[in-house]
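Peer 1: Take this structure, written in structure tokens, and hold onto it; I'll ask about it next.
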Amino acid sequence: MVDELLTVSTLIGILHSCVRLATPYLFAALGETFGQRSGVLNLGVDGIMLMGAFFAFYVVFEGHSLWVGVLAAIVIGVLMGLLKAFVSVTMQSLQGISGIGLYLFGLGLSSLLFKTLIGSVEGVSGFRQLPIPLLSEIPGIGHILFNHNALVYLAYLMVPVSWFVINRTTLGLKIRAVGHNPEAADTLGVSVSGVRYTTLMIGGALAAVGGASLSIGLQNVFQENMTNGLGFIAVALVYFGSWRTVGVLGGALLFSLVNALQLWVQALDIPVPSEIAVMMPYIMTIVVLAFTARQIQKPAALARSYERGE
Amino acid sequence: MLRRVISTWLIILLLLAGCGGSDEDAEGEAVGGEGEPFRIAIVMPSSTTDIAWSQSMFDSLMAVQAEMGGESALKLAYSEGMFRVTDASAAIRDYASEGYDLVIAHGAQYGNSVFEIASDFTDTSFAWGTSSDTGAERGFENVFAYGAVANEGGYVNGVVAAMLSKNDVIGVIGPVAGDAKLYIDGFVRGVKDVKPEAQVNISYTGSFSDTTLAAEAAHVHIQAGADVLTGSAQQVVGAIGVANENNVAWLGTQSDQISLGPDVVVTNQIYNWANVVVDMIGKIEAGELGGTAYRLTFENDGLRLEFNENIEIDDEVKEAARAAIEDIKSGAVDPVLPEDE
Amino acid sequence: MATGLRGIEDSIVYGIARPTGGHRAVNFRLNAPFVQMYGIVKRFPGVVACDHVDFDVRRGELHALLGENGAGKSTLMRILYGLYQAEEGRILRDGAEVEIHSPTDAIRQGIGMIHQHFMLVDTLTVTENVALGLKSSREPLLDLDRVEVGIRELSEAYGLQIDPRAPVWTLSVGERQRVEIMKALYRGANMLILDEPTAVLTPQEVEELFVTLGYMKENGYSLVLISHKLQEILAISDRITVLREGRLVGTVPTEEMSREELARMMVGRDVLLERSRDDEIDVGEVRLRLDDVRARDVTGQPALQGVSLSVQAGEILGVAGISGNGQRELAEVIAGLRPMSGGSVELDGTPITDWTTARRTELGLAYIPEERMHDGVVRDFAVSENLVLQEHTSEPFSNGIFLAFDYIAQFSRQLIQDFYIRTPDIRTMTRNLSGGNIQRLILARELSRRPKVLVAAQPTRGIDIGAIEYIYQQLLEQRDTGMATLLISEDLDELLALCDRIAVIYEGMIMDILDRNETTAEELGLLMAGVGLQKQ
């Protein structure tokens, strides 16, 4: 039975699944990385994803193009990010609790709008598989990496883009400084609030596109609470990846790999109790977190409001 | 100081907005005049639009309401998304104390709560399912139980799946292992009775609501060669989306899922609770507050198998399905797995 | 060279105000006033921090700002740097009135500030810290290579040795200070405010800093040095402005001043810093005895390796040593805050090795901890609460259940008066007090119990001269009444002035115990460095 798992075609299938499954996690976790690097913990990611998923779906459902749907998600994501920023940065509420508030807000509002505007679960025609010419022809790798829909490619493109913004731009330098020592940044004329508003809006936009990747990319439906807590896993992945984009990529891939593996193990009828198979990703997450608990990269000012002091 | 006050209110507002969507009365006030309407309240684990378990009951209730003459005859209240049993328990108690004639707890996980509350409100009638336990042996007189004999429809879907499959590989997406067992067992039996050599791959996502994983499970089954898929619980919306995209046949259960995959959903086993509800209303009005355990079967029209009218289906397949239903009704087939499986 | 030759405004955008370039000489006239502040008023709840203060700095001048803690010198400079807003008063730069609302405004006016607590982002490199907040030449991309070139040029010109690529967390305190100076220079500052810059430096680093400041002065920079160290101010400043309790006492040319005159201006009366060397030592029985005490530090390494010493009634025993040789562990072991791995401690003849801190206190042990903000007081408690911290459960402060508020208030007021604790009220949060006043508070609390033995760890570190004088006076008075004192200090002058005998600790061992009349700073210094180990 285990031999079956080790055939080339199965391995390719598992890796293909893994690459695709990581998409929403990548969007959301990269967005969260921006916020956390600047010192803001946003637990409302899941709520933003739901709003993004809904608006992208609704726009497409109403007959607009898929990219207009993505744009709608970005706009709503930015607005949700602004709301989080207003509550956490301007009003300086506790970041944890206001994030949960944002999550419930997104969950409730997306459900309400869904009931009011659509009413029943419907399907749309979402992003299609878009094999990249030539590259997708490469045996094995081609199918694993270059035979996905456009949003999947976009998610992976966001990894180097996020890395570049954080490490190679003046904005990135400000983000890193504000997340670690907001007072020092302030004395150099860096607007701590401005930077945090910016990162939360970027984070909101990415999370919302992550939601859209579900509703008009991977599943092409909208259902209430369709993210099913995926945004919270994304927050955990940021810790997991110790606040580095490459770490986040690794975490998302590892988590997705174990998920893909368990689906394949079950589908191929390999004699592992399905309860164990289902637990695999979570067990692995806990184990890895336990071993990566001590991190020097953690933004020192994470989850702390900044007020110019005496 | 002012900032603290404002931010506290903001958080409260956010929380209220968050909860707002899930707990509401169906609109409209009871119309006075020609007698009080019958009042039913229902608490369900997922949403009224889950195209699965919760929606099947909600649609049935709406049908009964329309049949009886609308709001003035039957007043409905519902709480959806009560996946936490403690929340559901509070809602059930609230409805009971508000004097509803019938409180439906639409989930097997609510059993303990139902009996606890039923003993406090002996004049109120309760119903819960999936279950066959009315508590009559323990002296309860105000509890109904209900359930669907889902293996009947599972068997018929299995027969259809076996006939549609060209690769002889069929994928099943279950929620939590053990749940939906009846449906899946019936399905496997149906497949095997037609094509003993066909392979049925079953995978569980470990969740009722993880649409992302269900969608990926569909991808996996397709890549593993499956050309017919089925699955249960509200998570399957993601899987149907994938089936649709890959043009792979989907066999639905619980609620009508054709809208999601107009070109790929071939059949639907639909749970029709209307007769059960109507019967309960009659009994309650006659003073009988509980004690009956209902079962949805093809025989009593609680289960229906509907074909998608919009796609071409071989008559041979339709005929086989009808024959299977008749066999089940007559008792010629008992759609359970053989003992040794 | 390409990066440099621009105007001041331009240089804020990623250029460097070039120290050696020609353009600077053109637009500055030595001794012309650069910044003038007139009638500055700033109030905080309960205090007037600055009360109509005038102040000016000239180009090419090193101007010292002197005053005790709480005199208003930091507040005045924070106003100039835009961190606080003055309620009244005017600020002129080059004779023209300017508004400074934020550090950004100050930087634009060519004013930079080196804070006492460095404003650096540890995880970033030196170059990144310098570039932070500046417009890049390749906006929105960073251009760190260009900044690095600029840093190297400035390093060379002013003798500021730093590796531009080193992450800040790897740097020593002195190097971090250089990064701070570099940040200001790179931003084209014409003026630098240094808040207590030498407090954290080793003597060698102080030398290097002064050399750098000298170069800067020659190049027309205006420098303001906030300090209370009379010696160094007299050594390097051109003029001195003294503040006391928020008011201007006067601005004087340095060459006309002596140490005594400055101390008088600062404190408002004559200050006695030296103890007369001929007083009689009248010692009694042994109050504190340590025998072969061993203990480990927080990392589990042996920190005390068999310390034996005894302190008699009416005696101050000093413990000299370079920081980190077991002093902290020694104090904590005696106070009962750190478990011993061997040896014994006796207090007044009673073995207390396994006693809790509370029981030791009851028996007459008092402790002034090194980390006064952490271990000495509860920062978020009121002054009065901190004053009765140990005794609040016993008579007459409470009846065992309820606190006797009236008595506590009366008691607190008395201590505040006796020990000159400067606080608006007994209910003021302790965190709002200056370092010197917190030390006075701790001293008041500990000494009011009439202890038999006092362990004081670095009691004068970071404290202004008025408070130091007062602490010295209290220690000597208590000694005369028969208290046994163990004074742990890194300041040899202090030990030589106060102690009767001095023990030198090195790597957790006592090198020697010397009579202060028979030793010199040089001999102690050698012992502190571990020389003489061979003798044993």
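Peer 1: Among the candidates C:Val252, C:Val242, single out the residue that is touching a helix residue (DSSP H, G or I) at 6+ places or on another chain (Cβ under 7 Å), not in a helix (DSSP H, G or I) and not small (Gly, Ala, Ser).
Peer 2: Being touching a helix residue (DSSP H, G or I) at 6+ places or on another chain (Cβ under 7 Å), not in a helix (DSSP H, G or I) and not small (Gly, Ala, Ser) holds for just one of C:Val252, C:Val242, which is C:Val242.
Peer 1: Okay, moving on. Step by step: first the residues of the range C:110-130, then only those that are without any contact (Cβ under 8 Å) to a residue 40 or more places away in the chain and within 9 Å of another protein chain (Cβ to nearest Cβ), then the one that is surrounded by the fewest Cβ atoms within 10 Å (Cβ to Cβ). Which residue is that?
Peer 2: Across the range C:110-130, the extreme among qualifying residues is C:His117.
Peer 1: Now, a different point. Quick one: would you say C:Ile408 is surrounded by 15 or more Cβ atoms within 10 Å (Cβ to Cβ) and within 24 Å of C:Arg461 (Cα to Cα)?
Peer 2: Answer is no for this residue.
Peer 1: So C:Arg431 clears everything in (1) assigned to a helix (DSSP H, G or I); (2) in contact with a strand residue (DSSP E or B) (Cβ under 8 Å, 6 or more places away or on another chain) except one condition, right? Which one?
Peer 2: All conditions are met except number (2).
Peer 1: Only residues that are out of contact with any Ser or Thr (no Cβ under 8 Å at 6 or more places or on another chain), β-branched (Val, Ile, Thr) and either in a loop (DSSP other than H, G, I, E, B) or buried (at least 20 other Cβ atoms within 10 Å of the Cβ) (or both): list them for the range C:36-68, please.
Peer 2: Result: C:Ile40, C:Val53.
Peer 1: Something else about it: For the list (1) farther than 29 Å from A:Ala185 by Cβ; (2) crowded, with 24+ Cβ neighbours inside 10 Å, I need the number of the one condition that A:Gly39 fails.
Peer 2: Going through the list (1) farther than 29 Å from A:Ala185 by Cβ; (2) crowded, with 24+ Cβ neighbours inside 10 Å, A:Gly39 breaks only (1).
Peer 1: Taking the residues in the range B:124-168 that are assigned to a loop (DSSP other than H, G, I, E, B) and hydrophobic (A, V, I, L, M, F, W, C) as candidates, determine which candidate is nearest to the chain's Cα centre (by Cα).
Peer 2: That would be B:Val149.
Peer 1: Let me ask something else. Kindly indicate which of A:Val121, A:Val60 is in contact (Cβ under 8 Å) with a residue 12 or more places away in the chain, over 30 Å from A:Tyr306 (Cα atoms), within 14 Å of chain B (Cβ to nearest Cβ) and in a helix (DSSP H, G or I).
Peer 2: A:Val60
Peer 1: Please verify whether the range B:210-228 includes one or more residues that are closer than 30 Å to B:Asp133 by Cα and more than 9 Å from every other protein chain (Cβ to nearest Cβ).
Peer 2: No, the conditions are met nowhere in the range B:210-228.
Peer 1: Go through the range C:124-145 and count every residue that is out of contact with any Ser or Thr (no Cβ under 6 Å at 6 or more places or on another chain) and at pLDDT 90 or above.
Peer 2: So the count comes out to 10.
Peer 1: Still on this structure, please answer the following. For the range C:294-362, please list each of the strands (runs of 3 or more DSSP E) lying entirely inside it that holds at least 2 residues being modelled with pLDDT of 90 or more, hydrophobic (A, V, I, L, M, F, W, C) and within 20 Å of C:Ser489 (Cα to Cα).
Peer 2: Where strands (runs of 3 or more DSSP E) fall fully within the range C:294-362 and carry at least 2 residues being modelled with pLDDT of 90 or more, hydrophobic (A, V, I, L, M, F, W, C) and within 20 Å of C:Ser489 (Cα to Cα), they are C:302-312, C:315-320.
Peer 1: Does C:Val242 fit the bill of being modelled with pLDDT of 90 or more and closer than 26 Å to C:Met37 by Cα?
Peer 2: In short, yes.
Peer 1: Right, another one. Taking the criterion of being in contact with a Phe, Trp or Tyr (Cβ under 8 Å, 6 or more places away or on another chain), among the β-branched types (Val, Ile, Thr) and within 14 Å of another protein chain (Cβ to nearest Cβ), would at least one residue in the range B:176-194 satisfy it?
Peer 2: yes
Peer 1: Would you check which residues across the range C:234-254 are under 22 Å from C:Leu209 (Cβ atoms) and surrounded by fewer than 21 Cβ atoms within 10 Å (Cβ to Cβ) and list them?
Peer 2: C:Leu234, C:Ala235, C:Ile236, C:Asp238, C:Arg239, C:Thr254
Peer 1: Quick check on this structure: which one of C:Gly150, C:Gly133 is over 19 Å from C:Val211 (Cα atoms) and touching a Gly at 6+ places or on another chain (Cβ under 6 Å)?
Peer 2: C:Gly133
Peer 1: Here's a follow-up. Residues that are touching a strand residue (DSSP E or B) at 6+ places or on another chain (Cβ under 8 Å) and surrounded by fewer than 24 Cβ atoms within 10 Å (Cβ to Cβ), at least 2 per element: which strands (runs of 3 or more DSSP E) completely within the range B:180-277 meet that?
Peer 2: Answer list for the range B:180-277: B:199-204, B:265-271.
The values are calculated or read from the model by the stated rules, or taken from the named source; none is laboratory data. What you see is a predicted model, and the numbers here were worked out from it, not measured in a lab. No Cβ is skipped: glycine too gets one built from the backbone with ideal geometry, and neighbour counts run over all protein chains shown.
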